[in-house]
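Have a look at the structure below before the remarks.
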Amino acid sequence: MEIHTIEPFLDYFESIRARTRRVVLCIPPERLEEAPAPGLWSLGDLVRHLAATERHMFAENVLGRPSAYAGHGRHLADGFDAVLAYFDHQHAESVALFRTLTPDQLQAKCTPPSGAPLTTWKWLRAMVEHEVHHRGQIYLRLALMGIPTPPIYGLTSEEVRERSRR
């Protein structure tokens, strides 16, 4: 899917973010910083990572600037309310910056941290893939904790199977 203008992409990305935010809201605050094993990321780390990379890597890169990603640690936001506020604030800043992209800028090259120039719209598409990847990790971690989560598209697998028989 090539991106020619930013508004349709932003509409799509907002729907992606809404689904991610719904599952983030399922994280029990008392388990936010619980890591499954030493050296692995907590759910808080994953949420902070999504926020920080969106704003300080993807948004910077598409504007022709180098990445300013400073990690995903608690120094960015500590506690569930602060993490959620950080997640929302970084997203709002990013969207405001993305909204300035012209069709010519979307077709131009940007330089992600790898150093290999990439068409800007392709880097934005990679941002969506990155978010969906980490959202899947959040879903899996919550499932392993026994915490119920909302179906991504409104129906559970069982409901889809039942409706498919009709």
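Per-structure values
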quantity: Residue-normalised accessible area of the chain, given per residue in Å² at a 1.4 Å probe; calculated: 52
quantity: Charge tally in the Cβ shell below 13 Å around I6, where Lys, Arg are +1 and Asp, Glu are -1, I6 excluded; calculated: -3
quantity: Axial C-alpha extent at least 20 Å, average Kyte-Doolittle at least 0.0 - helices from the chain (DSSP); calculated: 80-98
quantity: Accessible surface of the chain [probe 1.4 Å, protein heavy atoms]: carbon and sulfur percent; calculated: 58
quantity: Part-to-part distance (alpha-carbon centres) for region 42-85 and region 94-166, which is given in Å; calculated: 15
quantity: Cα pair distances of the chain binned at 10 Å [whole percent]; calculated: 10, 36, 31, 18, 5, 0
quantity: Order of exposure, largest accessible area first, which applies to K109, K122 with probe 1.4 Å; calculated: K109, K122
quantity: Accessible surface of W121 - all protein chains present, 1.4 Å probe, nearest 10 Å²; calculated: 20
quantity: Share of alpha-carbon pairs per 10 Å distance bin for region 4-44, given as whole %; calculated: 26, 32, 24, 15, 3
quantity: Spacing of the two label points (7 Å from each Cα toward its C-beta) at D81 and D104, in nm; calculated: 4.7
quantity: Over region 35-115: Kirkwood hydrodynamic radius from C-alpha pairwise inverse distances, Å; calculated: 13.6
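The values are calculated or read from the model by the stated rules, or taken from the named source; none is laboratory data. These numbers come from a predicted model, not from an experiment. Here the Cβ is made from the backbone with ideal geometry for all residues, glycine too, and neighbour counts use every protein chain on show. Surface areas here come from the heavy atoms of the whole protein model, side chains and all, with no ligands, DNA or RNA. Shrake-Rupley method; radii C 1.70, N 1.55, O 1.52, S 1.80 Å.
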